[in-house]
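What follows is calculated from the coordinates using simple rules that are stated; it is not laboratory data. Since we're looking at a predicted model, the values are computed, not measured. A quick note on method: Cβ atoms are made from the backbone with ideal geometry, for glycine too, and the neighbour counts reach across all protein chains shown.
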Amino acid sequence: MIRPIITLRRVRIIVDIDTQRDFLVANGKMCTRNHPVVLANIRRLTAWARLKNIRMISTARINPKDHSRLDFCVEGTPGQEKVPYTIRNRHISFAADGCTDLPRDILRRYDQIIVSKRCDDPFDEPRADRILSELKVTEFIVFGVLTECSVKATVLGLLARRRNVTVITDAVGYCDKETADIALRQMEAKGANMIDTKTALGASHLHMVGACDCDMCRGKSSCDCRVRA
């Protein structure tokens, strides 16, 4: 018999999707078009999670070194690493190894679970599927990348399991804005709640995101890239 992985009673859990350097810094292999806006809002949301002691489930894309077509988030490269401020002090990481084993009461012992995955859909990874499917919470708060791929797959998977999902619309990154807008509409049509960071946390004067050295992220250039709020 599989023991329950979580007995912790929590109202909210944050699902942080693939917040890695290849997606979120200017010189990344697949940098999102709206990365300055997304990075600033992700920084605010992770700081809020620490302050409120809200647990986080994080996914991290990993591609094998010998894959000729997928050259982003390659195992062992700097681009595969998570953005530093998305990592909590008390965290535990799991490889994408096809296993489902997890310590009992894992979210009593850790503030964050980081699960590697080899595909867009975390529900195709047995351990990530188990974590997200067995969590007994009232709300999943979702942010990360890419909106048109992994974010969409994660949100629709949670909704299919009849979970209450909130998407932070200005903290999800995209490469193709038109496709991302369609994905957001699909998530909303299926029942996801849509909210922006300002509505959730209030106004902020944060401009320096502290993870990317491009001019926009250092406040030296304006950025008009936005996700539908």
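Every residue, every condition in (1) among the hydroxyl-bearing types (Ser, Thr, Tyr); (2) closer than 14 Å to Ala60 by Cβ; (3) in contact with a Ser or Thr (Cβ under 7 Å, 6 or more places away or on another chain), yes or no:
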{"position": "Ile92", "(1), (2), (3)": "no, yes, no"}
{"position": "Asp101", "(1), (2), (3)": "no, no, no"}
{"position": "Arg104", "(1), (2), (3)": "no, no, no"}
{"position": "Tyr110", "(1), (2), (3)": "yes, no, no"}
{"position": "Ile131", "(1), (2), (3)": "no, yes, no"}
{"position": "Val155", "(1), (2), (3)": "no, no, no"}
{"position": "Ala171", "(1), (2), (3)": "no, no, yes"}
{"position": "Glu178", "(1), (2), (3)": "no, no, no"}
{"position": "Ala189", "(1), (2), (3)": "no, no, no"}
Checklist entry - So which residues in the range 82-116 are of a type in the set (Val, Ile, Thr), surrounded by fewer than 19 Cβ atoms within 10 Å (Cβ to Cβ) and within 20 Å of Phe23 (Cα to Cα)? => result Ile87
Next on the checklist: Could you tell me how many of the residues in the range 96-118 are without any contact (Cβ under 8 Å) to a residue 40 or more places away in the chain and either within 24 Å of Leu156 (Cα to Cα) or touching a Gly at 6+ places or on another chain (Cβ under 9 Å) (or both)?
Outcome noted: 4
Checklist entry - Among the residues of the range 169-192, how many are surrounded by fewer than 17 Cβ atoms within 10 Å (Cβ to Cβ) and either β-branched (Val, Ile, Thr) or touching an Asp or Glu at 6+ places or on another chain (Cβ under 7 Å) (or both)? => result 3
Checklist entry - Residues in the range 153-168 that are buried (at least 23 other Cβ atoms within 10 Å of the Cβ) and either part of a helix (DSSP H, G or I) or touching a residue at least 60 places away in the same chain (Cβ under 8 Å) (or both): how many? => result 4
Checklist entry - Filter the range 137-151 for residues that are of a type outside the set (Val, Ile, Thr) and farther than 18 Å from Phe72 by Cβ; which is surrounded by the most Cβ atoms within 10 Å (Cβ to Cβ)? => result Phe143
Item to check | Cβ pairs under 6 Å, 6+ apart, first in the range 51-78 and under 12 Å from Asp22 (Cα atoms), second acidic (Asp, Glu) and crowded, with 16+ Cβ neighbours inside 10 Å | outcome: Arg61/Asp18; Phe72/Asp22; Cys73/Asp22
